[in-house]
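Here the structure comes first, spelled out in structure tokens, and everything after it is commentary.
The values are calculated or read from the model by the stated rules, or taken from the named source; none is laboratory data. As the structure is a prediction and not an experimental result, all values here were calculated from the model. Cβ placement follows ideal geometry from the backbone for every residue including glycine, while neighbour counts extend to all protein chains displayed.
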């Protein structure tokens, strides 16, 4: 009986193993068949893709990107917004729209809702009141589109020069990021200075663009231009700060110019001394080479004379 029991157990174990092997083979066959089917379907899809399929994919991706970052809701903007922004690039227009509808309007000076604006002038007024907040993010071509439009609407000379100086600060803040920003800043400063001299009695008045231009020229070490502006301000009695003209500024500039001139003179003297030392060394080397050549010539001449003497002695000896 024990022997039969063992036989039965082995038989059951063998049967189970056989069943497992069969199931494994069947499962592997199913997996291979599915892989082949997927490969065939993939090939069919690729063969059905029309010419320009890549472009279609790009369009799909563009639509997906657009759906992720939708354009600004135009219903949140004033009715005249797009007309006002004519001249800006599409990207700058959207950036401007995003800035004023982004939920950060509590930091700006706009009315809420923005749709309550009836005139472009009122909207631009609040835009420039918000310029210190917008300025860091506002695209340059957006500011350059809005600035002349608003200035053209203003009648007050005081308001015009105030907006000029907002734009001066805008350019000055971008001087390290945009290659032409500082040149634009200088140009607008000159324009505003001339505007102030033409529209106002200068005595007792401050002209921020004049001070800004003096500081720019000083930083560029254009002391003559800066001093000329100081002289102009002093002659017109323009104030730099409360009850103070440009006399102290001029004195500081003269002192700075003198120190720069002294440094430049010292540097020039050092350069001249180094140049003279280089020339002296060059002359010494040339003299040494010339002396060496003369010495070599003498040596060769002596060798030739010695050869002649030796040759004569040899001939005489042969005659004897």
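Can you give me the ranges of the helices (runs of 4 or more DSSP H) entirely in the range 90-192 with at least 3 residues that are crowded, with 16+ Cβ neighbours inside 10 Å and touching a helix residue (DSSP H, G or I) at 6+ places or on another chain (Cβ under 6 Å)?
90-101, 120-129, 140-153, 157-173
Out of curiosity, is residue 229 in contact with a strand residue (DSSP E or B) (Cβ under 6 Å, 6 or more places away or on another chain), assigned by TED's automatic domain parsing to the domain that holds residue 205 and surrounded by 10 or more Cβ atoms within 10 Å (Cβ to Cβ)?
Here the answer is no, as residue 229 does not meet what is asked.
Could you tell me whether the range 240-260 includes any residue that is part of a helix (DSSP H, G or I), in the same structural domain as residue 191 (by TED's automatic domain parsing) and either modelled with pLDDT under 90 or on the phi > 0 side of the Ramachandran plot (or both)?
Looking only at the range 240-260, we keep the residues that are part of a helix (DSSP H, G or I), and these are 247-260.
Those left that are additionally in the same structural domain as residue 191 (by TED's automatic domain parsing): 247-260.
Retained after the next criterion (residues that are either modelled with pLDDT under 90 or on the phi > 0 side of the Ramachandran plot (or both)): 260.
Taking every residue of the range 240-260 in turn, at least one turns out to be part of a helix (DSSP H, G or I), in the same structural domain as residue 191 (by TED's automatic domain parsing) and either modelled with pLDDT under 90 or on the phi > 0 side of the Ramachandran plot (or both).
Any residue that is touching a strand residue (DSSP E or B) at 6+ places or on another chain (Cβ under 9 Å), modelled with pLDDT under 95 and either in the same structural domain as residue 211 (by TED's automatic domain parsing) or over 24 Å from residue 212 (Cα atoms) (or both) - is there at least one of those in the range 96-118?
Checked the range 96-118: at least one residue is touching a strand residue (DSSP E or B) at 6+ places or on another chain (Cβ under 9 Å), modelled with pLDDT under 95 and either in the same structural domain as residue 211 (by TED's automatic domain parsing) or over 24 Å from residue 212 (Cα atoms) (or both).
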